[in-house]
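These notes concern the structure reproduced below.
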Amino acid sequence: MMDRKQIGARLKEARVAKRLSQAAVAKALGFSQASLSEWEKGEHLPSMPKILELAEWLGMEGAGDIEAALTPDRTGLSDLIPDMVAVPVFDVRASAGSGALATEMDPVAYWPFPRLFFDTMGRHPKAFLMISVWGDSMEPTLRSGARIVVDTQRTNPAQPGIYVLDVEGMEVVKRLDMIPGSKPARLRISSDNPLHQAYEAPASDVRVIGGVCAVISTM
């Protein structure tokens, strides 16, 4: 199984083979060049959805090997308990307030979930990750410090709900609603805490990381 340095080397090899600079790749996919450089060196890796997007964009042969190396089942939990799956927990704080810098790194832990949890939603476990919420704008629905489960395949804001958004490199948690009849499409981005004002934005300007599908609250 590949470790992160081997994965980083494969990413760099694919980029160089296409004669692309780090700056060009980073700009095309919305990453920072500094982050891409660290990934290629194997210093750390981004979340699984992002690294698979990068591998696919580079047209990497053997991208499935990377996916296998990054799948949550690599913990061996599924071998020990067939009905359980481990979801990676990332030390990224999605702000439910004014915004916080997103930090790319390896998972800091894995949280066990019944496989039935994913089966009922028709999703593969690799589509899910966990991060923490900080701030008060989504209270009382999401309290500061709660961990949320994010479905990275649920990125269509036409479905009303709570989403994790990437806003200029900051990850925030907000409620999204499509504004009926708006052309081009516009979204209403709101908080559950009435002290925070809602605002509107073109749907094309909103980068959705995934939909919040479960919450693990703190006491």
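Each of Ser32 and Thr155 was given a label point 7 Å from its Cα along the Cα-to-Cβ line. The distance between the two points is 2.1 nm.
Between Val167 and Gln6, what's the calculated FRET efficiency when r is the beta-carbon distance and R0 is 41 Å? Round to 0.05.
So, using R0 = 41 Å, E works out to roughly 0.80.
How much length is gained if the chain between His124 and Asp91 is pulled fully straight, taking 0.36 nm per residue apart and subtracting their Cα-Cα distance, in nm to one decimal?
9.7 nm
Legend: ranking of residues Thr141, Thr120, Thr152 from fewest to most surrounding C-beta atoms inside 10 Å; resulting order Thr120, Thr141, Thr152. Modelled spin labels at Lys183 and Glu56, positioned 7 Å past Cα toward Cβ, are 3.1 nm from each other.
Can you tell me the FRET efficiency between Ala201 and Leu20 if r is taken as the Cβ-Cβ distance and R0 is 35 Å, rounded to the nearest 0.05?
Step by step, r from the Cβ atoms, then E = 0.70.
Computed from backbone phi, the HN-Hα couplings of the stretch 123-140 come to 10, 7, x, 5, 7, 10, 8, 10, 9, 9, 10, 10, x, 10, 5, 9, 6, x Hz, rounded to whole numbers (Karplus: 6.51 cos²θ - 1.76 cosθ + 1.60, θ = phi - 60°; Gly and Pro given as x). Taking a ≥ b ≥ c as the square roots of the eigenvalues of the Cα gyration tensor of the stretch 137-195, is the shape rounded (a/c under 1.5), prolate (a/b larger than b/c) or oblate? Cα axes put the stretch 137-195 in the prolate bin.
If you take all other residues with their beta carbon under 13 Å from the beta carbon of Leu116, and give Lys and Arg +1 and Asp and Glu -1, the sum is 0. Around the amide H of Gly210, modelled in the peptide plane, lie the amide H atoms of Val164, all under 5 Å away and 5 or more residues distant in sequence or on another chain.
Each value in this text was obtained by applying a stated rule to the coordinates, not by laboratory testing. The model shown is predicted, which means the values in this text are computed figures rather than measured ones. Note: ideal-geometry Cβ built from the backbone for every residue, glycine included; neighbour counts use all protein chains shown.
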